[in-house]
Structure formats: structure tokens, C-alpha cells
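Taking it in order: structure first as C-alpha cells, then the write-up.
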Amino acid sequence: MAENNDTSTGTGTEARSGSGTGTEACSGSGTGAEARSGGGGAVSSPTSRRALLLAAGSAGAAAVLSAACAAPAGTRGAAGVPSASPTRPPSPTPSGASRAAAPACVLAVGAGAGPYYLDLDLVRSDITQGRGGVPLRLDLTVVRVPDGCRPLAAAGVEVWHADADGDYSTGKDTFLRGTQITDRTGRCVFHTIVPGWYAGLAPHIHFKVRPDTRTETTSQFFFPEDLLTQVYTRQPYARRTAPAHPNRRDSRYRAAGETMTLTLTPDGNGYHAAYTIGIT
């Protein structure tokens, strides 16, 4: 079980080459280094696939990866079919899940990377890697807010989060982690699961956006609490007793949840969410 050491708070500054200068709402760490003791994750070399793709620039990289980034919906959950019964997921209830989507062009609220970030070279859309849970298709679009919400092509987008038991992959494990490169419309797609809870924190998905090899924005997504309570009655989440209010106990959710909470809609046996990440 993950320990209660995900304590990063975010600085609201941009991490440029680790210096932490600028004004973008970004990670306070910006190191790309593993923070969990004994994690043993591999660190990408300067000539890694991701670095080369980012360095190639928006024109070339976006053209090459456009098809790969927008993976077809038919691949959803292929590597990690949940053990829940094959019924349609419960529809979100009005109190939280039907909230209006966040404005289409706002800056992401900065948050730290937390203790479980691993700088890996895993360019893939399906990140389930055999982990069971309620399927989640996550469609992300990256835009430049100061530039009239212009879609940003060839940006690297990383996501990582806990599994249904609240555990992160460490060491040689790489489940529920991955990177995509945005296509010419600024879009990429991840196929994953709804994360479990741990350590008194609101369930969340961490993400980083790297528009180039020197700059990054780090934040996290939250989920409507009423939807979580429904999901956690299903297997494999139901193997543990879920908290009655998984979000309210987390001060970070209270501070950023209004902007960074995903709006989910039923999608087959799971859910679909689309979010526009605004960066400077």
C-alpha cells in the first residue's frame, strides 16, 4: 500500500531546466528524478525516444505520430480487463458528475509530481498493463492559453497513477504509466482505469506536459466524489472498504478540484473523460 508521503504542493512556477523560473503553473520539482526510496526506475537518456520526438518539433513529430496518439476506442482496456460484471456503469449523479466541464481555455492548476514519479521512456496509449479496474478513456488536448488557446502539437504528455489497490508501480514495474505525443490538433489519448484511493488523499491522476525539452507543467486530475463512491462498490475496488468521502478529506482537492476535476460519461463498461490542458 502506498504510504502517506505524497506531500508536494506545487509552486505555480515554471520548471525550466530545473531552475524553477517563469510564471507558468507548473511543478515545483521539475527534476524528472524518482523520489520514492528504492524505486529503481530507469531514467531516460538524453537521446531517448521521447526526447528525440520532442526535439523534432511540432511539424515533423506531429505528422509521424498523429495516428498513434489518437488510438482507436476499440483498444480500450485490452491489456487490463476489469473483473467487474460486464454491465453498463452507473450514470453519474447530479451532485458532482454532471458539473459543467472546466472552461475550455484555462491554465492548469500547478501541483507537484509527488513521490512516485518515474522518468521513463514509455511512449504508449494503453497503460493498463494487466491492472484490473473500471476502464477509463482519457482524451487530452494541450493548448497555449496566451496564444488564443492554440492547440499545441508535438508536446509530450505523461500520466501516472495508483491502481485499484492504491499502489503505484515501482522498480521494474511500469503499470499505469505512459507518455503520448500530441498530434497536430494538440490531442492524445490514454486508455487506463479509474485509480483507487490511498493515504487519505483524494483519488487522482498525475500528469506532466512537456512542450519542449526544457519546459514542463505538472498537475493532477481529480474525480467527482459521487462517481467514485459508485465505482468503489465494484470489483476489484470492493476488496477494500472505501472511504465514505474520498475527496473531502484532501485539502488539495478543495483548493484545485473546481478546475481540475474530470467530467466523466459512461462508455461501455467504463467511462470517458475529455480535458483541455492550458499551459503558457
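Quick look at the values:
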{"read-out": "Which listed residue is on the phi > 0 side of the Ramachandran plot, open to solvent by less than 10 Å² (accessible area, probe 1.4 Å) and in contact (Cβ under 8 Å) with a residue 24 or more places away in the chain, from 166, 171", "value": "166"}
{"read-out": "Some residue of segment 197-208 being over 26 Å from residue 118 (Cα atoms) and in a strand (DSSP E or B)", "value": "no"}
{"read-out": "Members of segment 211-223 that are part of a loop (DSSP other than H, G, I, E, B), at pLDDT 95 or above and either crowded, with 23+ Cβ neighbours inside 10 Å or out of contact with any helix residue (DSSP H, G or I) (no Cβ under 9 Å at 6 or more places or on another chain) (or both)", "value": "223"}
{"read-out": "Matching option when the condition is among the basic types (Lys, Arg), buried (at least 22 other Cβ atoms within 10 Å of the Cβ) and either closer than 22 Å to residue 149 by Cβ or in contact (Cβ under 8 Å) with a residue 24 or more places away in the chain (or both), among 234, 177", "value": "177"}
{"read-out": "Filter pass, residue 172 being farther than 18 Å from residue 261 by Cβ and in a strand (DSSP E or B)", "value": "no"}
{"read-out": "Unmet requirement for residue 234, which otherwise passes all of (1) assigned to a strand (DSSP E or B); (2) more than 27 Å from residue 156 (Cα to Cα); (3) not acidic (Asp, Glu)", "value": "(1)"}
{"read-out": "Odd one out for residue 188, checked against (1) of a type in the set (A, V, I, L, M, F, W, C); (2) out of contact with any Ser or Thr (no Cβ under 9 Å at 6 or more places or on another chain); (3) buried (at least 23 other Cβ atoms within 10 Å of the Cβ)", "value": "(2)"}
{"read-out": "Residues satisfying the stated conditions in segment 145-169, i.e. aromatic (Phe, Trp, Tyr) and not in a strand (DSSP E or B)", "value": "168"}
{"read-out": "Residue in segment 241-253 that is of a type outside the set (Asp, Glu), farther than 25 Å from residue 129 by Cα and touching a strand residue (DSSP E or B) at 6+ places or on another chain (Cβ under 6 Å) present", "value": "yes"}
{"read-out": "Set 183, 147: member being without any contact (Cβ under 8 Å) to a residue 24 or more places away in the chain and either closer than 21 Å to residue 232 by Cβ or not small (Gly, Ala, Ser) (or both)", "value": "147"}
{"read-out": "Close pairs (8 angstrom Cβ cut-off, 6 or more residues apart or separate chains): farther than 15 Å from residue 169 by Cβ in segment 120-141, open to solvent by 10 Å² or more (accessible area, probe 1.4 Å) and basic (Lys, Arg) anywhere", "value": "123/49; 123/50; 134/234; 135/76; 137/76; 139/187; 140/187; 141/187"}
{"read-out": "Those residues of segment 196-217 which are touching a strand residue (DSSP E or B) at 6+ places or on another chain (Cβ under 6 Å), of a type outside the set (A, V, I, L, M) and under 24 Å from residue 165 (Cα atoms), in sequence order", "value": "204, 206, 207, 208"}
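For (1) of a type in the set (Phe, Trp, Tyr); (2) touching a Phe, Trp or Tyr at 6+ places or on another chain (Cβ under 8 Å); (3) open to solvent by less than 10 Å² (accessible area, probe 1.4 Å), each residue gets a yes or a no:
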| residue | (1), (2), (3) |
| --- | --- |
| 204 | no, yes, yes |
| 209 | no, no, yes |
| 230 | no, no, no |
| 247 | no, yes, yes |
| 268 | no, no, no |
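Table: residues versus (1) closer than 13 Å to residue 140 by Cα; (2) within 13 Å of the chain's Cα centre (by Cα).
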| position | (1), (2) |
| --- | --- |
| 223 | no, yes |
| 227 | no, no |
| 234 | no, no |
| 237 | no, no |
| 243 | no, no |
| 253 | no, no |
| 259 | no, no |
| 270 | no, no |
| 273 | yes, yes |
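The values are calculated or read from the model by the stated rules, or taken from the named source; none is laboratory data. Since we're looking at a predicted model, the values are computed, not measured. Quick reminder, even Gly has a Cβ in these numbers, built from the backbone with ideal geometry, and neighbours come from all protein chains shown. For the accessible areas, the whole protein counts, side chains as well, though only heavy atoms, and no ligand, DNA or RNA atoms are used. Shrake-Rupley method; radii C 1.70, N 1.55, O 1.52, S 1.80 Å.
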